[in-house]
Amino acid sequence: MKIEVNTNLINILLIVWSLSYVAPKDLKLIKVIYRTNIDDTSVFTSGDTKLLAASVKNQLGLNDANIWTHQFASVNGNLDGEGTPKEITSELFIIELSLSHNSNIENISKYKQIQLSLMLENEQTMDIKMDFVSFNQIPSSHETSSGPCQGGLYPNDEKCVAYQYGPDPIQVIDCHLPKGAHVDLVVLLIHGGFWRSKLNRSLENAVANDLLRFNIVVCNLDYRSFGNDGGYPNTFYDVSNGTDLIRLIAREHGFRSDRVIVVGHSAGGQLGGYVTGRFRLAPNQPGYSIDPLRPIALVTQAGVNNMWDGCDQANVTGVGAVISFLGGNYTTYPERYVLSSLAASSNVTVESMYPSQFLPLKVPIQAITGSADITVPVSQTITFAEQAKSAGDNCTQVIVEGEDHFVHLNVSSTAWEKTRAFILSFIP
């Protein structure tokens, strides 16, 4: 699909991010995201990108921090690796780098805005202000960066470590390590709750413990929800940042981060689909990364897979939960529905204007629900599965007779039995 970009507007997004390296244990990995708009068609065409990275580092008060790597990209891909950018005309510009430091940043509020100086075509400079979007600080050792998991150890846990990926207590991912040697498979669980803050990752406790029986590493992700500074766009940033953190967790515990299956229930099915499809995001969309973690499979359990239909069917889909989560309906914010919906609208007119951005996902999919589900319409699963298969995805649609919305969290249910079998089929 086509993402509209204002030809007189250049968005610049700066990401300071931890990439694939192993840092000494006394260092912290810093990640900050800023965004700005420049109402000018003259754009940055030359200059030393290392100096830009150093400028950001110094403005954060981290003069002695070590910049590990930096990468550059734009919408039209006209940048030259880590070298000098080529001519950029009215496109989104991305700077992505990683750095480490040996002390904590305590006062986040003072970094609400930074200023960069960009070189223009006429060899003049333009000072631009970049506004704060999000921040997190990840110590590189689990012994200092994390604490015990919510609720303590599961019966089948050898060890569980909770990693913070942001300053809010809910911005956390629990890593459950099985007893004995783990297999080459990781399951990322994303809980549901219609994106509302009253529920959390504890919903997934039973299924997480069940998967540990098979020596699978389980990561249980939590995120800010509507009512807790979540919703659009922060929830999308959270699940993206939490998912990418699995790479660091994997290095510390010796498992593979390239063998991740995403399993999401209800609203978590929608978020799981978004995580799986991040490789299709444009740079002006929340959660974009030059190199996002790529899952090898997706399970959407009674997922809200079609946000367009969820808006049209507001009364039977969480009492308007989709509209609350995205801040309005799709006539007002179509770009938010494009970002968040796995499937295109069932309305032919709307579908013709806004086809699915994510399909095909290019991984095996299980789309499963119960025939007695009255919480999320069964059509949410059917519509998505049909569109995924039509797009060429290997998508298995499963409708379990007589089971409801919540059986996916019950390890004795037929629905979970079928999902577990799908997951176990990926063990090498």
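The values are calculated or read from the model by the stated rules, or taken from the named source; none is laboratory data. All figures in this text were calculated on a predicted structure; none of them were measured in a lab. Ideal geometry is used to build each Cβ from the backbone, glycine not excepted, and the neighbour counts take in all protein chains shown.
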Revision key, fill the gap. Given (1) assigned to a loop (DSSP other than H, G, I, E, B); (2) over 15 Å from residue 224 (Cα atoms); (3) touching a residue at least 60 places away in the same chain (Cβ under 8 Å), residue 188 misses just (1)
Review point. Is it true that residue 421 is more than 24 Å from residue 258 (Cβ to Cβ), modelled with pLDDT of 95 or more and assigned to a helix (DSSP H, G or I)?
Key: no
Exercise for review: Restricting attention to the range 321-359, report how many residues are in a loop (DSSP other than H, G, I, E, B) and more than 16 Å from residue 382 (Cα to Cα).
Suggested key: 11
Revision key, fill the gap. Of the candidates 244, 229, 258, the one satisfying the condition of being of a type in the set (Asp, Glu), over 23 Å from residue 205 (Cβ atoms) and without any contact (Cβ under 8 Å) to a residue 40 or more places away in the chain is 258
Check your understanding: Restricting attention to the range 191-214, and to residues there that are part of a loop (DSSP other than H, G, I, E, B), modelled with pLDDT of 90 or more and small (Gly, Ala, Ser), which single residue is farthest from residue 314 (Cα to Cα)?
Key -> 192
Revision key, fill the gap. Flagged pairs (Cβ under 9 angstrom, 6 or more apart or on separate chains; first in the range 410-428, at positive phi and surrounded by fewer than 13 Cβ atoms within 10 Å (Cβ to Cβ); second assigned to a loop (DSSP other than H, G, I, E, B) and not polar (S, T, N, Q)) are none
Revision key, fill the gap. Pairing a residue in the range 390-406 that is outside the structural domain of residue 273 (by TED's automatic domain parsing) with any residue that is surrounded by fewer than 18 Cβ atoms within 10 Å (Cβ to Cβ), where Cβ atoms lie under 9 Å and the two sit 6 or more apart in sequence or on different chains, gives none
Exercise for review: Test each condition in (1) closer than 13 Å to residue 220 by Cβ; (2) part of a loop (DSSP other than H, G, I, E, B) for residue 180 and report the one that comes out false.
Suggested key: (1)
Check your understanding: Would you call residue 383 assigned to a helix (DSSP H, G or I), at pLDDT 95 or above and not acidic (Asp, Glu)?
Key -> yes
Check your understanding: Taking the condition over 27 Å from residue 395 (Cβ atoms) and surrounded by 24 or more Cβ atoms within 10 Å (Cβ to Cβ), does residue 229 pass?
Key -> no
**Study point:** Residues that are in contact with a helix residue (DSSP H, G or I) (Cβ under 9 Å, 6 or more places away or on another chain), among the hydroxyl-bearing types (Ser, Thr, Tyr) and over 18 Å from residue 187 (Cβ atoms), drawn from the range 207-239
**Key:** 225, 232, 235
Practice item. Select from the range 374-386 the residues that are buried (at least 23 other Cβ atoms within 10 Å of the Cβ) and over 24 Å from residue 332 (Cβ atoms) and list them in ascending order. Key: 381, 385
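One line per residue, one yes/no per condition, for (1) modelled with pLDDT under 75; (2) surrounded by fewer than 19 Cβ atoms within 10 Å (Cβ to Cβ):
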position: 120; (1), (2): yes, yes
position: 124; (1), (2): yes, yes
position: 127; (1), (2): yes, yes
position: 136; (1), (2): yes, no
position: 150; (1), (2): yes, yes
position: 164; (1), (2): no, no
position: 184; (1), (2): no, yes
